[in-house]
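Worksheet: one structure, shown below.
The values are calculated or read from the model by the stated rules, or taken from the named source; none is laboratory data. No experiment lies behind these values; they were computed from the predicted model shown. FYI the Cβ positions are ideal-geometry reconstructions off the backbone, even for glycines, and counts take in every protein chain you see.
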Amino acid sequence: MSRLERIYYFHQKLKGERFPNAKTLMEEFELSRATAHRDISYMRDRLLAPLAFNSSRKGFYYTENDFALPFEDSPKILFLMGLLNRMADEAGLGSLPEMKKLEKRLSQLIAPGYEQLMDNVLCKWIEVETLAPAVFETIIEAVLKDRRLDVEYCSVEGLKSTRSIEPQRLINYQGRWYLLAYCLLRKDHRLFHMARIENAKTGIKRSSPRRLASDSFLSDAFGIFTGAIQYHARIAFTGTAAELVRRQHWHEKQSIKEEKNGITLSLPVNDDREIIMKILQYGSRAVVLAPDSLRRSVAEEITKMSICYQE
């Protein structure tokens, strides 16, 4: 457990006039005596807690009843704590034992209003995928310990392969988890959809220098399909679609031009797949202006969709 959690726990004991001491922390968090004393010293010397020791009760107490820890009972901090917990649920991590433990600890230690706030915070994402806890934990371990990963990966077409990869970064995109890694099979950086990793085990410690992907690999083009920019899309939005997109952020290098009947959105693209889905989402209120290749791809998809509804 973190020092912050231990300090809040000790603080609650002090506020309840229970005269906690080093042994209180040692028993609750399985600490050494030296660590427990360092936590108490930190409260007194760094957080300026008005601590005094009562010899007859063999414990500490506050000499000032109105003392509060930084951010204690702050509505904004409580909201942030609740939001992070709800986001973890929506990101597919709610089933992990550690998340359940954290929620319980927060409700007990941080502030009295936390539990009530949790009941009033709702995060809703769609297409959220649940990860296998064992796979997720193995990936986390490999990232933290700088080890290779041996994975069994199933592509969206159903093709299975075994890869040795060097994990670099975890990415949550629209409720889905991805792993940026250097693939030793392809000799290049790849983005692995973590829900498609069927088995994973940690491999050897990395011995060679880290082959890091450039910052532009993830940020240059629109969406999750990373890589070099292939073209700049120009899309005209009208009606309610224009009103919605005008306030949205699709990419850091996007530009929006006001038109007589709406707006024109321009942004860099690497791969057609996601941008086509976004365009179709707005139906007849979104029209591709450029490039011609994207315009044709959207038109072909609309034709295929129309055929599905003719019978």
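Among the residues of segment 224-243, what is the count of those that are closer than 19 Å to N270 by Cα and either of a type outside the set (V, I, T) or not in a loop (DSSP other than H, G, I, E, B) (or both)?
Matching residues across segment 224-243 total 9.
What's the total number of residues in segment 8-24 that are more than 31 Å from the chain's Cα centre (by Cα) and part of a helix (DSSP H, G or I)?
Of segment 8-24, the ones more than 31 Å from the chain's Cα centre (by Cα) are 13-24.
Next, from what is left, pick out any that are part of a helix (DSSP H, G or I): 13-15, 22-24.
The number of residues fulfilling the criteria is 6.
Regarding G203, is this residue closer than 16 Å to R285 by Cβ and either of a type in the set (S, T, Y) or in contact with a strand residue (DSSP E or B) (Cβ under 8 Å, 6 or more places away or on another chain) (or both)?
Numbers: closer than 16 Å to R285 by Cβ: no; either of a type in the set (S, T, Y) or in contact with a strand residue (DSSP E or B) (Cβ under 8 Å, 6 or more places away or on another chain) (or both): yes.
So G203 fails the test.
Which of (1) over 28 Å from E166 (Cβ atoms); (2) out of contact with any helix residue (DSSP H, G or I) (no Cβ under 9 Å at 6 or more places or on another chain); (3) at pLDDT below 95 does K253 not meet, given it meets every other one?
Failing condition for K253: (2).
Looking at segment 117-195, what strands (runs of 3 or more DSSP E) fall wholly within it and have at least 2 residues that are of a type in the set (S, T, N, Q)? Break it down into steps so the answer makes sense when it comes.
Values: elements: 147-154, 160-173, 176-183, 188-193.
Counting at least 2 such residues, we get 160-173.
Hey, any hits in segment 37-48 for a residue that's within 13 Å of F67 (Cα to Cα) and touching a strand residue (DSSP E or B) at 6+ places or on another chain (Cβ under 8 Å)? Break it down stepwise before answering.
Going through segment 37-48, the residues within 13 Å of F67 (Cα to Cα) turn out to be 43-44, 47-48.
Filter once more, so that each one left must be touching a strand residue (DSSP E or B) at 6+ places or on another chain (Cβ under 8 Å): 43-44.
Yes: segment 37-48 contains one or more residues that are within 13 Å of F67 (Cα to Cα) and touching a strand residue (DSSP E or B) at 6+ places or on another chain (Cβ under 8 Å).
Please go through segment 256-273 and pick out each residue that is surrounded by 12 or more Cβ atoms within 10 Å (Cβ to Cβ) and over 15 Å from Q230 (Cα atoms).
Result: I256, E259, G262, I263, T264, L265.
Within segment 183-205, identify whether any single residue is buried (at least 17 other Cβ atoms within 10 Å of the Cβ) and over 30 Å from W250 (Cα atoms), and answer yes or no.
So far as segment 183-205 goes, yes, one or more of its residues are buried (at least 17 other Cβ atoms within 10 Å of the Cβ) and over 30 Å from W250 (Cα atoms).
Restricting to segment 261-300, name every residue that is acidic (D, E) and farther than 16 Å from H251 by Cβ. First the steps, then the outcome.
Let us first name the residues in segment 261-300 that are acidic (D, E), namely 271-272, 274, 292, 300.
Scanning segment 261-300 gives D292, E300.
Can you name the residue in segment 8-35 that is within 22 Å of N65 (Cβ to Cβ) and among the basic types (K, R) and, of all such residues, is surrounded by the fewest Cβ atoms within 10 Å (Cβ to Cβ)?
R18
Please verify whether E243 is touching a helix residue (DSSP H, G or I) at 6+ places or on another chain (Cβ under 9 Å), surrounded by fewer than 17 Cβ atoms within 10 Å (Cβ to Cβ), of a type in the set (D, E) and assigned by TED's automatic domain parsing to the domain that holds I279, treating the condition exactly as stated.
Working: touching a helix residue (DSSP H, G or I) at 6+ places or on another chain (Cβ under 9 Å): no; surrounded by fewer than 17 Cβ atoms within 10 Å (Cβ to Cβ): yes; of a type in the set (D, E): yes; assigned by TED's automatic domain parsing to the domain that holds I279: yes.
Criteria not met by E243.
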